[in-house]
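Q: Here it is, the structure, as structure tokens.
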Amino acid sequence: MGKSKLEQSLIRQLQEKGADVAHFRSLIRDYIWMNSQVQAMKRSIRKEGRTYQAVSAAGKAYEKENPAVKNLILYSRQMIAILREMGLTTENAVSEEDDEL
């Protein structure tokens, strides 16, 4: 789902709740930005793995944890918190098909 389609979906859901206000629009922008960061972290994990080879200051190779693994969890939790703040859950989500009826 592209950024604009995701953003439109979130805005539409706020509108249906009667909650399309500046504060929530700002949270949507934060959510969209975090989503792009999550996608970048997933790419990093796919490319480098959960750990990767690094070289210490002394010149020795060692396995280093990919920080994207930990950050992915943190960002995902924050994204869920944003959705909760806006009252958007699976219980009140409107499907794309409902829009077409």
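Q: Output the number of residues of the stretch 40-61 satisfying the condition of being surrounded by 10 or more Cβ atoms within 10 Å (Cβ to Cβ) and either hydroxyl-bearing (S, T, Y) or out of contact with any Leu (no Cβ under 6 Å at 6 or more places or on another chain) (or both).
A: 14
Q: Which of (1) open to solvent by 30 Å² or more (accessible area, probe 1.4 Å); (2) free of Cβ contacts under 8 Å to residues at least 24 places away in the same chain; (3) assigned to a helix (DSSP H, G or I) does I11 not meet, given it meets every other one?
A: (1) is the only condition that I11 fails.
Q: Also, quick follow-up: Is there any pair linking a residue in the stretch 60-78 that is under 16 Å from M34 (Cα atoms) to one that is open to solvent by 90 Å² or more (accessible area, probe 1.4 Å), with Cβ under 6 Å and at least six apart or on different chains, and which?
A: V69/R50
Q: Going through the stretch 73-93 one residue at a time, which ones are assigned to a helix (DSSP H, G or I), aliphatic (A, V, I, L, M) and surrounded by 14 or more Cβ atoms within 10 Å (Cβ to Cβ)?
A: Listed by number, the residues that qualify are M79, I82, L83.
The values are calculated or read from the model by the stated rules, or taken from the named source; none is laboratory data. Since this is a predicted model, take the numbers as computed values, not measurements. Don't worry about glycine lacking a Cβ; one is built from the backbone with ideal geometry, like all the others, and counts go over all protein chains shown. These area figures cover heavy atoms from the full protein model, side chains too; ligands, DNA and RNA do not enter into them. Shrake-Rupley method; radii C 1.70, N 1.55, O 1.52, S 1.80 Å.
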